[in-house]
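Data block below; observations after.
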């Protein structure tokens, strides 16, 4: 199942022109600056926004196009809005049951309980919405959407209205939701950090058009796209824990292309993690260094080099299937005579665990 | 017996008129208010102005036009006559029709405000939770607009209770059928029966006051519960 999307929406000055295919599994982040049309796209997929020249096919089901327009309540979606938008006249339980009662064919007691457990809201069920914190309300809203057992989950910046503490509280719940569920998730965000932690794929939106789409790690490191050129350029590496060293508090993680050591709280061997490596923390040597404080030295091939300014350049490095970015001075590149295709060594000063 | 039988009947007719009118107003006013709160129609304001007319129109003017249109040669009366119904002027049904027009703004405006305050979002959420439009209206819009319904019912009821001019014009002051308390009081005063006028007036005053006490008390509980 894939999701074929084609929308042309004109709203005054703003035009949204989308023609893409969204993957069937994993989290696809719809990323872009505010006003780029992210929310409009999500609303059009949900049927909340009526695009006249629209085409939307989810798997075999035609939701819009050829004279068809399936109203929102007949689309098997879960939708989480920016604000929790709980029904103020119903308890938490009432809010969750609202969708379950109307999605009888898909939902079940098991699905309902799973949603409650995943978001950890069992103890809130008897309360009224106004008795909950913003973060708790949003957890209930997510559980309410999941309890209908949707075949697609749409989230419109679910963390944007929350404070930093509450964001940090919810992120782990979202991560476990995505790991447990086998449905496509569309996640609208303008937060680079959230995308790095949660997304598998990305649609890069700007001014109503898709600038790029593909794997999140590719888009973060693609030198022909803007993200790799920002001062906080980074690569995100999916890895799994292969060893944990209690004595030094270091986790060894393996990824497609090598092994890295990162400082971390105790981790279970085999657990999946995401690493964030900032471009400015990666340096390049021609020979593997001995007698250095840097633990992580990975053999790589130079894929591409782009000059950022008179003094700085960004180098894209490939280790097997993993891309790394390195931000170095033009002088160093000149001294080392770096060229595309060279086999060199990347020295990673620090890598941070995102999960 | 302090209140005469005719006075009691007048009170009873008043309460019956207010109850029936409020019920009819809620049935007509709810969809109307919903439409007004949701419609993007550019000439919507004309409808709003028509509904608000009784707020500024002298009741006798409204009553006069109603009398003419309810009469056998008027558009409404003529239609009823054609369909084989009894004439409406000087009947209880005629009073209800008059009251519905007269109290319309007091019911429609609070409802419209309440529906507007509910906003689009809860209904969109309900749609994503598989609720059909009608389902959304009854399970989300109406319960969330509950304070508006309470206000609308009370204002509609209370305003009908105090009606005088319209009733006088189209009701004709027939004891037991169209004589309401406010007119009975007027009759007593005209006949210099101040004692009876006092009792009837006091009954209406007490009843209205109690009604408002109950409503404001309920509304207060409602707002205190949701800081």
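The values are calculated or read from the model by the stated rules, or taken from the named source; none is laboratory data. Here the structure is a predicted model, which is why all the values come from computation and not from measurement. When we count neighbours, we look across all protein chains shown, and the Cβ atoms used for this are built from the backbone with ideal geometry, even at glycine.
Please tell me if residue A:219 is within 30 Å of residue A:331 (Cβ to Cβ), surrounded by 18 or more Cβ atoms within 10 Å (Cβ to Cβ) and under 21 Å from the mean Cα position of the chain (by Cα). When the stated conditions are applied, residue A:219 passes them.
Using the structure shown, decide if residue A:304 is in contact with a helix residue (DSSP H, G or I) (Cβ under 6 Å, 6 or more places away or on another chain), under 20 Å from residue A:215 (Cβ atoms) and either in the same structural domain as residue A:340 (by TED's automatic domain parsing) or at pLDDT 90 or above (or both). Answer is no for this residue. Only one of the numbered conditions (1) touching a residue at least 60 places away in the same chain (Cβ under 8 Å); (2) within 22 Å of residue A:191 (Cα to Cα); (3) away from chain B (no Cβ under 13 Å) is violated by residue A:156, and that is (3). Taken over the stretch A:104-126, the criterion of being loosely packed, with under 14 Cβ neighbours inside 10 Å and assigned to a helix (DSSP H, G or I) is satisfied by A:109, A:110, A:113, A:117, A:122, A:123. Residue A:300 fulfils the conditions (1) over 20 Å from residue A:258 (Cα atoms); (2) under 29 Å from the mean Cα position of the chain (by Cα) except for a single criterion, (1). Within the stretch A:22-34, is even one residue in the same structural domain as residue A:188 (by TED's automatic domain parsing) and free of Cβ contacts under 8 Å to residues at least 60 places away in the same chain? No, the stretch A:22-34 contains no residue that is in the same structural domain as residue A:188 (by TED's automatic domain parsing) and free of Cβ contacts under 8 Å to residues at least 60 places away in the same chain. Filtered by the rule that a residue be surrounded by 18 or more Cβ atoms within 10 Å (Cβ to Cβ) and over 23 Å from residue A:40 (Cβ atoms), the stretch A:153-172 gives A:166, A:167, A:169, A:170. If only residues of the stretch A:338-355 that are within 11 Å of residue A:262 (Cβ to Cβ) and under 23 Å from the mean Cα position of the chain (by Cα) are counted, the one that is surrounded by the most Cβ atoms within 10 Å (Cβ to Cβ) is A:351. In contact (Cβ under 8 Å) with a residue 60 or more places away in the chain and more than 14 Å from chain A (Cβ to nearest Cβ), is that true of residue B:61? For residue B:61, the condition - in contact (Cβ under 8 Å) with a residue 60 or more places away in the chain and more than 14 Å from chain A (Cβ to nearest Cβ) - is not met. Return yes when residue B:96 is part of a helix (DSSP H, G or I), touching a helix residue (DSSP H, G or I) at 6+ places or on another chain (Cβ under 7 Å), away from chain A (no Cβ under 14 Å) and buried (at least 22 other Cβ atoms within 10 Å of the Cβ) and no when it is not. In short, no. Evaluated against (1) in a loop (DSSP other than H, G, I, E, B); (2) without any contact (Cβ under 8 Å) to a residue 12 or more places away in the chain; (3) more than 30 Å from residue A:87 (Cβ to Cβ), residue B:131 falls short on exactly one condition, (3).
Given the condition over 17 Å from residue B:32 (Cα atoms), at pLDDT 85 or above, under 20 Å from the mean Cα position of the chain (by Cα) and away from chain A (no Cβ under 14 Å), answer yes or no: does some residue in the stretch B:137-147 qualify? Within the stretch B:137-147 (the criterion being over 17 Å from residue B:32 (Cα atoms), at pLDDT 85 or above, under 20 Å from the mean Cα position of the chain (by Cα) and away from chain A (no Cβ under 14 Å)), the answer is no, since none of the residues qualifies.
Annotation: residue A:119 fulfils all but one of (1) in contact with a helix residue (DSSP H, G or I) (Cβ under 9 Å, 6 or more places away or on another chain); (2) over 30 Å from residue B:146 (Cα atoms); (3) within 14 Å of chain B (Cβ to nearest Cβ); the unmet one is (3).
Only one residue in B:151, B:218 is farther than 29 Å from residue B:67 by Cα, in a helix (DSSP H, G or I), in contact with a helix residue (DSSP H, G or I) (Cβ under 6 Å, 6 or more places away or on another chain) and away from every other protein chain (no Cβ under 14 Å). Which one?
B:151
Residues in the stretch A:41-56 that are away from every other protein chain (no Cβ under 14 Å) and within 23 Å of the chain's Cα centre (by Cα) were compared, and the one that is surrounded by the fewest Cβ atoms within 10 Å (Cβ to Cβ) is A:56.
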